[in-house]
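Notes follow once the structure below has been shown.
The values are calculated or read from the model by the stated rules, or taken from the named source; none is laboratory data. What you are looking at is a predicted structure, and each value in this text was computed from that prediction instead of being measured. Reconstructed Cβ throughout: ideal geometry from the backbone, glycine too, with neighbour counts over all protein chains shown.
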Amino acid sequence: MHHGYEEPVYLISVVAKVLTIHPQTLRQYEREGLVLPSRTDGKMRLYSQRDIDKIKMIQRLTRDLGVNLAGVDIIMQLKEKIDDFEALVESLRLELNGLTKKSTQTKNPLVKHKNSYEIILFGE
């Protein structure tokens, strides 16, 4: 059976065993807001593959690089913003490519080339 990347299917005991981490550590990560597993109706935690990948990153940062959990939180927030900006840049790049193709087909360029240099004067 194949599960999606974000589908919550792994119990805390399974995640703890696979990642060789104590279940209490996983609970602490949840308390800190670093990982937010889904819950069943019976309140059991279920982790997705995305959650597991986040936990692996937390382990690398804390074990290998000596970052504390507050630092991990900041790093993860910044990484999320970078991912959002990269997605926006890619979207804008695709949109620009579409506009560029359209303008070259109509022989009306979007950007007219100016001199290869400009002089900027600042007033006093």
Starting from the stretch 98-110, keep only residues that are in a loop (DSSP other than H, G, I, E, B), then list their pairs with residues that are modelled with pLDDT of 75 or more and among the hydroxyl-bearing types (S, T, Y) whose Cβ atoms are within a distance under 9 Å, requiring at least 6 positions of separation or different chains. P109/T100; L110/T100
Residues of the stretch 1-27 classified as in a helix (DSSP H, G or I) and touching a residue at least 40 places away in the same chain (Cβ under 8 Å), total: 2
Let me spell it out: the conditions are (1) of a type in the set (A, V, I, L, M, F, W, C); (2) touching a Pro at 6+ places or on another chain (Cβ under 8 Å); (3) part of a helix (DSSP H, G or I), and M76 meets all of them except one. Which number is the exception? (2)
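Would the stretch 28-39 turn up any residue that is outside any helix (DSSP H, G or I), in contact with an Asp or Glu (Cβ under 8 Å, 6 or more places away or on another chain), of a type in the set (D, E, K, R) and under 24 Å from E7 (Cα atoms)?
yes
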Candidates N97, N115, filtered to the one that is modelled with pLDDT under 95 and either on the phi > 0 side of the Ramachandran plot or surrounded by 10 or more Cβ atoms within 10 Å (Cβ to Cβ) (or both): N97
Which listed residue is of a type in the set (D, E, K, R), without any contact (Cβ under 8 Å) to a residue 24 or more places away in the chain and closer than 18 Å to Q28 by Cα, from D64, D73, D53, D41: D53
